[in-house]
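Q: Below is the structure I would like to discuss, written out as structure tokens.
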Amino acid sequence: MDVYLIKSGEFAITVRTLISVKQDSFANDIKKEKKITVCTIIAGETFGEEEIFLSPKELTKRKYAVVCKSESGVAYKISKKNILNKMLLKQNNVDIILKAIEIKHINRKNQLEQIKK
């Protein structure tokens, strides 16, 4: 589990989800898996932190995939160990990071729900 910090480029956060597809008026809807872009992130933004900070009950496996949308992109990989050792030295930092992750998690969940409608 690592956190990635985008240095350059645009990256799409995607998720695979089941959507209902109407066949015709007499047949039942069928479920089809579709890859949906939840949002686009750019330089200075991060991804992957949910897997480190959310409890296992909230995130049992990786939910989102990330794909570079631009011709080239660079993302720095920061290990879980470095995050925990260097960024979380003070409880205040932990509280701020957890709140930011919670907000990001809720926003992505809401964006996905809006896209599904």
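The numbers here are math on the coordinates, done by the rules we state, and not lab data. All values derive from a computational prediction rather than experimental measurement. Cβ sites come from the backbone with ideal geometry, for glycine too, and all protein chains shown count toward neighbours.
Q: Determine the dipole magnitude for the chain: charges of +1 sit on the beta-carbon of Lys and Arg, -1 on that of Asp and Glu, nothing else is charged, the reference point is the Cα centre, and the result goes in debye to the nearest 20. Can you show the working numbers first?
A: Details: 23 positive and 14 negative charges, 44 e Å.
Dipole size: approximately 200 debye.
Q: Now for a different question. For a quick protection proxy, order the peptides 40-49, 95-104 by their average other-Cβ count within 10 Å, most packed first. Walk me through the numbers before you get to the answer.
A: Values: 40-49: 16.2, 95-104: 13.3.
Answer by packing, highest mean first, reads 40-49, 95-104.
Q: How much length is gained if the chain between Asn92 and Arg62 is pulled fully straight, taking 0.36 nm per residue apart and subtracting their Cα-Cα distance, in nm to one decimal? List each step's numbers first, then the result.
A: Details: separation 30, 0.36 × 30 = 10.80 nm, distance 2.70 nm.
In short, 8.1 nm is gained.
Q: Could you check how many percent of all C-alpha pairs in the chain are farther apart than 22 Å?
A: Working: 2935 of 6786 pairs.
Across the chain, Cα pairs with separations above 22 Å total 43 percent.
Q: Please go through the residue pairs Lys32/Lys80; Lys81/Lys104; Lys31/Lys69; Lys31/Lys104; Lys35/Lys86; Lys31/Lys77 and name each one whose alpha carbons sit more than 25 Å apart in this structure.
A: Working: Lys32/Lys80 35 Å; Lys81/Lys104 22 Å; Lys31/Lys69 27 Å; Lys31/Lys104 28 Å; Lys35/Lys86 35 Å; Lys31/Lys77 36 Å.
Violating the 25 Å limit, Cα to Cα: Lys32/Lys80; Lys31/Lys69; Lys31/Lys104; Lys35/Lys86; Lys31/Lys77.
Q: Now for a different question. Considering the dipole of the chain built from charges on the beta carbon (Lys and Arg +1, Asp and Glu -1) around the Cα centre, which of Ile96, Ile19, Ala75 is farthest to its positive end?
A: Working it through, the farthest residue towards the positive pole turns out to be Ile19.
Q: What nm value, rounded to one decimal, do you get for the distance between Asp2 and Lys116 when each label is placed 7 Å out toward the C-beta?
A: Label at Asp2, label at Lys116, 3.1 nm between them.
Q: Right, another one. Can you compute the label reach from Glu45? Point 7 Å from Cα along the Cβ direction, backbone N cut-off under 17 Å, restricted to the range 4-36.
A: Residues 4-16, 36 fall inside that zone.
Q: Mind listing which trypsin sites (Lys or Arg not before Pro) in the range 1-54 are in a DSSP loop and have 10 or fewer other Cβ atoms within 10 Å? Intermediate results must be reported in sequence, preceding the final value.
A: Values: sites: Lys7, Arg16, Lys22, Lys31, Lys32, Lys34, Lys35; in loops: Lys22.
Passing sites in the range 1-54 are Lys22.
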